[in-house]
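Asker: Dropping a structure here in structure tokens format, bear with me for questions.
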Amino acid sequence: MLKDLLLNVTSIIAVVSIGNQLLINQEITPSSPLKLRVFFASMAGLLGALLMFNSVQVMPGVILDFRNIATILSATYCGFTAAMITGLMIGIFRLFFDGLTYTSILSAITAVVIGVGCAFIAKYIASTLKKWIIMSIYILIVPTIIFSIVIDNQHLLARTILTYWLGLSIVSSLLYLYVRYLDLTRFLYRKYQIDSAKDHRTGLNNVRQFDNELNRIMHNLSDQSLITLLFMDIDYFKKINDTYGHQNGDKILEDLGKILLSSCSYSDIVSRNGGDEFSVLMTDCPRDKVLVVSERIRSTVQDHRFYLIDGQVINITVSIGIAIYPDTVKDISLIVEKADLALYEAKRAGRNRVMLSP
């Protein structure tokens, strides 16, 4: 019996682990897209079917399985509809598994009743732990009632109930700990994905993501492509740091990032390339519009009141260099170099200005 119990646990862990890998980039909640919830519910239903094959033999002629644990998984993560789907799948499979007998029909009805019950528990209980505990108790009680109906021998009934309660309690507890561990790893994975692409200070793309986006654009280049790169940095930023401190310098960087996002289109790729250097990648933007956007950024920064930590207000300016493919640079691989040179010329010409590469 212990061997069968361990086989059930390993089967559950294997299926849950595979599902976690398949959905590692997805946010799995009751508000997830219907397609994702149906997929999750279907996987849980298949898990329930697998657990029917890996049954636990209590004694000769009496077997138990933990199929309903799959309904708990489905209800906990994907809510009402998913729990109903999983319960229904398990019920239907139960009928196909043993044919239309009194016991199989009763078991199928039980699976559906458990699906409905878990669906309502998931709907009205918010806490994941509370949901899991209440549903675990529910799937202990309902089958126990069925056991009492179909098993006449009191000794056999007592042993069956004891085995089921003990086994399900162990499986449910271990599975809860495991899925919460997977939740943590999935959260950390998504966090690391974001951190690897975003600048922690401003929330903009970092230089690694900037390179990725530029390479993607270069890879998809066509004869009709129009690519613009704006390079900019804060004028005399070192002096600002020296005068007001690095904490205030960081605050200015954060505020500048917000200005850039509000001044650009949603399709523009805004990045912090390092220090006080920022960039904006535009696609299919005509030269005259590029100049309008660049000037809007420059003037907005110039007129913006930057509040320091102590409430003091200062003004800053930025210099901007522009390179446009294929207008001002014929080789797309040189667009960064050309934009950087234009920025240098803007600095040399007096700062607080926009300079287009020749």
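The values are calculated or read from the model by the stated rules, or taken from the named source; none is laboratory data. Source: prediction; values computed, not measured. Cβ placement follows ideal geometry from the backbone for every residue including glycine, while neighbour counts extend to all protein chains displayed. Surface accessibility is based on the protein's heavy atoms, side chains included, excluding ligands, DNA and RNA. Shrake-Rupley method; radii C 1.70, N 1.55, O 1.52, S 1.80 Å.
Asker: Indicate, rounded to the nearest 5 percent, the antiparallel portion of the DSSP beta bridges found entirely in the chain.
Answerer: Percent antiparallel among DSSP bridges in the chain is about 85.
Asker: In addition: Please name whichever of THR29, PHE306, LEU253 sits farthest to the positive end of the charge dipole of the chain, dipole taken about the Cα centre and charges placed at Cβ: Lys and Arg +1, Asp and Glu -1.
Answerer: With unit charges placed on the Cβ atoms, the residue in question is THR29.
Asker: Now, a different point. For q values of 0.15, 0.20, 0.24, 0.25 Å⁻¹, compute log₁₀ I(q)/I(0) with the Debye formula on a Cα-only model of the range 163-225, without solvent.
Answerer: -0.67, -0.85, -0.95, -0.97
Asker: Can I ask one more? Among all the aspartates and glutamates, which ones have a C-alpha under 17 Å from LYS198's C-alpha, if same-chain residues fewer than 8 places away are not counted?
Answerer: ASP211, GLU213, ASP250, GLU254, ASP255, ASP268, ASP276, GLU277
Asker: Using the Cα centre of the range 50-192 as origin and beta-carbon charges of +1 (Lys, Arg) and -1 (Asp, Glu), tell me which of THR160, ALA82, ILE145 is placed farthest towards the positive end of the dipole.
Answerer: ALA82
Asker: Would you mind listing how long the range 12-142 runs along its three principal axes, going by Cα atoms, in whole Å with the largest first?
Answerer: 44, 28, 23
Asker: Given the whole protein assembly as supplied and a 1.4 Å probe, what does the accessible area of VAL38 come to in Å², nearest 10?
Answerer: Around 50 Å² of this residue is reachable by solvent.
Asker: Just grab the label-to-label distance for THR29 and TYR189, each label 7 Å out from Cα along the Cβ direction, in nm (one decimal).
Answerer: It works out to 1.9 nm between the two label points.
Asker: I've got another one for you. Using a 1.4 angstrom probe on the protein heavy atoms only, line up GLU213, GLU254, GLU27 by accessible area, largest first.
Answerer: GLU27, GLU254, GLU213
Asker: Using only the Cα atoms of the range 113-190, what semi-axes does the equivalent ellipsoid have when each is the square root of 5 times a gyration tensor eigenvalue? Give whole Å, largest first.
Answerer: 30, 16, 7
Asker: A further question on this structure: Any idea what the dipole of the range 46-168 comes to, in debye rounded to 20, about its Cα centre with Lys/Arg Cβ at +1 and Asp/Glu Cβ at -1?
Answerer: Charge dipole of the range 46-168: 320 debye, to the nearest 20.
Asker: Given the whole protein assembly as supplied and a 1.4 Å probe, what does the accessible area of MET43 come to in Å², nearest 10?
Answerer: For MET43, the solvent-accessible surface is approximately 40 Å².
Asker: Top to bottom by accessible area (1.4 Å), largest first, where do ILE137, ILE28 land?
Answerer: I get ILE137, ILE28, largest accessible area first.
Asker: Beyond 36 Å, how much of the Cα-Cα pair distribution for the chain remains, as a whole percent?
Answerer: 48 percent
Asker: Could you state the accessible area per residue of the chain in Å², with a 1.4 Å probe and every protein chain left in place?
Answerer: 51 Å²
Asker: To the nearest µm²/s, what D does Stokes-Einstein give for the range 163-321 at 20 °C and 1.002 mPa s, using the Kirkwood radius over alpha carbon pairs as Rh?
Answerer: 116 µm²/s
Asker: Take TYR102, TYR77 and sort them by solvent-accessible surface of the protein heavy atoms, 1.4 Å probe, largest at the top.
Answerer: Result of the area sort, largest leading: TYR102, TYR77.
Asker: Continuing with the same structure: Along the charge dipole of the chain, pointing to its positive end and built from +1/-1 on Cβ of Lys, Arg, Asp and Glu, which listed residue (ILE72, VAL38, VAL292) has its Cα farthest out?
Answerer: Highest projection toward the positive end goes to ILE72.
Asker: Oh, and also: Report ASP152's accessible area, 1.4 Å probe, all protein chains in place, as a number in Å² to the nearest 10.
Answerer: The value for ASP152 is about 130 Å².
Asker: How large is ³J(HN,Hα), in whole Hz, for each residue of the range 214-227 in order, when computed from phi with the Karplus curve 6.51 cos²θ - 1.76 cosθ + 1.60 and θ = phi - 60°, using x for Gly and Pro?
Answerer: Each residue of the range 214-227 in turn: 5, 5, 4, 5, 5, 5, 9, 5, 9, 5, 8, 5, 10, 10 Hz.
Asker: Let me ask you something else. In debye, nearest 20, what is the charge dipole magnitude of the chain about its Cα centre with +1 on Lys and Arg Cβ and -1 on Asp and Glu Cβ, if you could check?
Answerer: 720 debye
Asker: Next up: If you put +1 on each Lys and Arg Cβ and -1 on each Asp and Glu Cβ, how big is the dipole of the range 195-238 around its Cα centre, in Debye rounded to 20?
Answerer: Here the size comes out at about 140 debye.
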